[in-house]
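Chemist: What follows is a structure written as structure tokens; I'll ask about it next.
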Amino acid sequence: MAEIVSLNRFRKEKDRVAKRARADANAVKFGRTKAEKDLEKARAEQSARALDSAKRDQSSGEAAPGPAPQPDQD
């Protein structure tokens, strides 16, 4: 007599294999290496430091840039 098999188990295993193949393809297509991520992070930090060093000092008594205060209209 033939052995009874669960078709759900085979269907689910087939789906898992297909999802894993799609995930691997996406990792190759869109993924970045650790070195690339580290380089991007270093560049962002360097850019932030350059921006911070170019900011004007607000503690020297100069008025902060922005909109002028509106007079009271009572």
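Chemist: Let me know the charge dipole size of the chain about its Cα centre in debye, to the nearest 20, where only the beta-carbon of Lys, Arg (+1) and Asp, Glu (-1) is charged.
Modeler: Charge dipole, the chain, about its Cα centre: 1080 debye, nearest 20.
Chemist: Taking a cut-off of 23 Å between Cα atoms, list the lysines near LYS41, but don't count ones fewer than 8 places away on the same chain.
Modeler: Result set, ordered by chain and number: LYS29, LYS55.
Chemist: Separate question: Against the longest principal axis of the chain, how steep is helix 7-30, in degrees 0 to 90 to the nearest 10, with axes from Cα atoms?
Modeler: Value to nearest ten degrees: 40.
Chemist: Once the Cα atoms of helix 34-54 and of the chain are each reduced to a long axis, what angle between those two axes, in degrees from 0 to 90 to the nearest 10, is obtained?
Modeler: So the helix axis and the longest Cα principal axis differ by about 10 degrees.
Bear in mind these aren't lab numbers, they're just calculated from the coordinates by the rules spelled out. Since the structure is predicted, the reported quantities are computational estimates derived from the model, not experimental observations. Ideal geometry is used to build each Cβ from the backbone, glycine not excepted, and the neighbour counts take in all protein chains shown.
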